[in-house]
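Here the structure comes first, spelled out in structure tokens, and everything after it is commentary.
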Amino acid sequence: MILSPSLLSADFGNLESELAALEQAGLRWAHWDVMDGMFVPNITFGPPVIKRLRRNSGLFFDVHLMIRALQRYLAEFADAGADLLVVHAESTVHLDRTLRETRRLGMQAGVALNPSTPVSALENIVELLDLVFVMSVNPGFGGQSFIPQSLNKIRRIASLLQSCGSKARIQVDGGVDPANTPELLLAGAEILVSGSAFFNFPPYAERLRVFQDAAGHASTR
Ligand code: DX5
Ligand code: ZN
């Protein structure tokens, strides 16, 4: 299990020290929610902020784009230091092209599906995926409740990936907490994004341990 804390719930006034605190607490990933006020109602940050914070962080930068016109910005996110770029299937009619370009730019490529988007959206692009990203809330805001149907969706994606011989990993984002961690992992997710259920419970090293203990329950079931 990899826990990727969503910086949407971090202190925006102190992102540099938040990143340092995550690293010190033993986290390996950081999740960046990029929002443009068009694809989702909320607005956050863009490549210049990520690029500046990349300088002093050794964390794996997992960048979740909730923006329209994303093809315009792929190179900028690569230049900013994104390790993984997750794009929404709903935000482009040129998903194949977008994924190829993401990989050509040296980033891992992931596709996110909104709760209402069917698993079949992945069928023709499986070989271009390093990761499938299941939105378990409607994107835009932290602190929403987990949509229970997401579990079944994760299972169906896991079986699609297996039947295609794909090594793509499954990441889940929205309403994730220690209580639903075991069932998410059992369903086939490997990477969990957590915003409010992580940042609202410092110290971070201890909170990571709570998630890891919950993950341990999945493996002993
Ligand atoms: C929502 C974002 C999430 C958000 C999750 O659009 O993609 O990453 O920060 O927050 P929680 O964990 O609070 O649901
Ligand atoms: Zn996210």
* Asked: Under a Cβ-Cβ cut-off of 11 Å, what is the net charge of the residues other than residue 200 that fall near it, where Lys and Arg count +1 and Asp and Glu count -1?
  -> 0
* To do: Give, in nm to one decimal, the length gained when the segment between residue 186 and residue 16 is fully stretched (0.36 nm per residue of separation minus the Cα-Cα distance).
  => 57.8 nm
* Structure fact -> Whole-percent carbon and sulfur contribution to the accessible surface of the range 127-198 (1.4 Å, no ligands, DNA or RNA) stands at 49 percent
* Asked: In the P(r) worked out for the chain, what percent of Cα pairs fall beyond 29 Å?
  -> 19 percent
* Asked: Given R₀ = 22 Å, FRET efficiency for residue 42-residue 121 by Cβ-Cβ distance, to 0.05?
  -> 0.40
* Structure fact -> When the charge dipole of the chain is computed with +1 on Lys and Arg Cβ and -1 on Asp and Glu Cβ about the Cα centre, the Cα farthest towards its positive end, among 185, 151, 110, belongs to 110
* Structure fact -> Quick calc: nm separation of the 7 Å Cα→Cβ label points for residue 83 and residue 104 -> 2.5 nm
* To do: Note down the relative contact order for the chain as a percent, whole number, built from C-alpha pairs under 8 angstrom at least six residues apart.
  => 20 percent
* About its Cα centre, how strong a charge dipole does the range 144-200 have in debye, to the nearest 20, once Lys and Arg get +1 and Asp and Glu get -1 at the Cβ? -> 260 debye
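So if I place +1 on the C-beta of Lys and Arg and -1 on the C-beta of Asp and Glu, and nothing else carries charge, what would the dipole magnitude of the range 14-81 be about its Cα centre? I want it in debye, nearest 20.
Numbers: 7 positive and 8 negative charges, 33 e Å.
It works out to roughly 160 debye.
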* Structure fact -> If every Lys and Arg gets +1 and every Asp and Glu gets -1 at its Cβ, then about the Cα centre the range 35-134 yields a dipole, in debye to the nearest 20, of 400 debye
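Of all the accessible heavy-atom surface of the range 31-121, with the other protein chains kept in place and a 1.4 Å probe, what percent is carbon and sulfur? Working shown, then result.
On the way: 1940 of 3890 Å².
Roughly 50 percent of what the probe reaches on the range 31-121 is carbon or sulfur.
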* Separation of alpha-carbon centers, the range 24-97 and the range 185-199, rounded to whole Å -> 18 Å
* Give a quick list of trypsin sites (Lys or Arg not before Pro) in the range 1-54 that DSSP marks as loop, anything other than H, G, I, E or B, with at most 15 other Cβ atoms within 10 Å. => 28
* Provide the percentage of antiparallel DSSP beta bridges, counting only those with both residues in the chain; round to the nearest 5. => 5 percent
* Quickly work out the residue 145-to-residue 49 label distance, labels modelled 7 Å from Cα along the C-beta direction, and quote it in nm with one decimal. => 2.9 nm
* Structure fact -> Per residue, accessible area of the range 87-221 with a 1.4 Å probe, heavy atoms of protein chains only, in Å², comes to 46 Å²
* To do: State the answer as a single residue: which of 31, 125, 7 lies farthest towards the positive end of the charge dipole of the chain, with beta carbon charges of +1 for Lys and Arg and -1 for Asp and Glu, about the Cα centre.
  => 125
* Structure fact -> Sparse-neighbourhood loop hits (GluC sites (Glu not before Pro), the range 81-154; DSSP loop; Cβ within 10 Å at most 12 others) -> 123
* Structure fact -> From DSSP H assignment alone, runs of 4+ in the chain each adding -39500 (n - 2.57), the sum over residues rounded to the nearest 500 puts [θ] at 222 nm at -10000 deg cm²/dmol
* Expressed as a rounded percentage, what relative contact order does the range 87-142 have, with Cα pairs under 8 Å and six or more residues apart? -> 38 percent
* Which value in nm describes the separation of the simple spin-label points at residue 209 and residue 96, placed 7 Å from the Cα toward the beta carbon? -> 5.1 nm
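The values are calculated or read from the model by the stated rules, or taken from the named source; none is laboratory data. The structure presented is a predicted model; accordingly, all values stated were derived computationally and were not measured. All Cβ positions, even for glycine, are placed from backbone atoms using ideal geometry, and neighbour counts span all protein chains on display. What goes into the accessible areas is simple: the full protein's heavy atoms, side chains included, and nothing from ligands, DNA or RNA. Shrake-Rupley method; radii C 1.70, N 1.55, O 1.52, S 1.80 Å.
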